[in-house]
1. Can you pull out every residue in the range 1-48 that is touching a helix residue (DSSP H, G or I) at 6+ places or on another chain (Cβ under 8 Å), surrounded by fewer than 16 Cβ atoms within 10 Å (Cβ to Cβ) and part of a loop (DSSP other than H, G, I, E, B)?
2. Could you list, in sequence order, the residues of the range 132-146 that are surrounded by fewer than 18 Cβ atoms within 10 Å (Cβ to Cβ) and touching a helix residue (DSSP H, G or I) at 6+ places or on another chain (Cβ under 9 Å)?
3. Sort out which residues of the range 60-77 are exposed (fewer than 14 other Cβ atoms within 10 Å of the Cβ), part of a loop (DSSP other than H, G, I, E, B) and out of contact with any strand residue (DSSP E or B) (no Cβ under 8 Å at 6 or more places or on another chain), and write them in order of number.
4. If we keep just the residues of the range 122-131 that are surrounded by 21 or more Cβ atoms within 10 Å (Cβ to Cβ) and closer than 23 Å to residue 212 by Cα, which is nearest to the chain's Cα centre (by Cα)?
5. Part of a loop (DSSP other than H, G, I, E, B) and either surrounded by fewer than 20 Cβ atoms within 10 Å (Cβ to Cβ) or without any contact (Cβ under 8 Å) to a residue 60 or more places away in the chain (or both): does that describe residue 106?
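Every number here is computed from the coordinates shown, using simple stated rules; none is lab data. Given the structure is predicted, the values throughout are model-derived calculations rather than measurements. Neighbour counts run over all protein chains shown; Cβ positions are idealised from the backbone, glycine included.
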């Protein structure tokens, strides 16, 4: 019998919620200080199979990533579409981190506490972006979005090492690389409010990727795997393109990427840049 107040069960219950406000409220209400219960061995798949996972609203409409379109920052609506896209990423990130908590049993207590703390910060990011959209006269769901982040969660639902490698260390680490450029574009058109929100997000996402790196390295050590070699193999196994530069080296270093891995990523980027030229010869 599982404990009704188990944090892993609370994570699943929040994941199932479809209303964004209700989901954020539920995540923010999870108490990680002091009197909590974590059943490390509980299997919640029976509950999950009776629900729609992840819970999400009917809007935004999910479309192919190529159909979402390019977002210009030179009009208010263009900036709104950009912020909407980032809000959608944060909403999916809430679901991703709730999912890893309930789905993978027999991890350490700290593993679950870490990912719930991350989910709480993702909820804060989503709330800040939604408030910013509201101040501009828009709301989450007003534009189309794609399902790339959650698609990766589905692909890796049976493989913890792959989940750690391909979500925090790949998809979320990409945010470390691209966010400064987005901030620069927004600053050029005077949108200091949005820039400030992205400052908060970028600083905290460094910590999220660091947690992903820490648990990925721990899992590699437990399986006696070389982290870089295992990562390269997982990219191929799951059909994920090599990470694309330019890389935010300082942020990635803070997030726990080794100098060796950063050099390897840079070598992949150089190969990528040279390959179109080579194909012409």
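1. 2, 3, 32, 40, listed by residue number.
2. Step one: list which residues in the range 132-146 are surrounded by fewer than 18 Cβ atoms within 10 Å (Cβ to Cβ), which gives 134-137, 139, 142.
Those that are surrounded by fewer than 18 Cβ atoms within 10 Å (Cβ to Cβ) and touching a helix residue (DSSP H, G or I) at 6+ places or on another chain (Cβ under 9 Å): 135, 136, 137, 139, 142.
3. Selection gives 64, 69, 70, 72, 74, 75.
4. 122
5. Values: part of a loop (DSSP other than H, G, I, E, B): yes; either surrounded by fewer than 20 Cβ atoms within 10 Å (Cβ to Cβ) or without any contact (Cβ under 8 Å) to a residue 60 or more places away in the chain (or both): yes.
Against the criterion (part of a loop (DSSP other than H, G, I, E, B) and either surrounded by fewer than 20 Cβ atoms within 10 Å (Cβ to Cβ) or without any contact (Cβ under 8 Å) to a residue 60 or more places away in the chain (or both)), residue 106 qualifies.
Per-residue answers, yes or no, for (1) over 21 Å from residue 149 (Cα atoms); (2) more than 21 Å from the chain's Cα centre (by Cα):
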| residue | (1), (2) |
| --- | --- |
| 49 | no, yes |
| 55 | no, no |
| 62 | no, no |
| 66 | no, no |
| 72 | yes, yes |
| 75 | yes, yes |
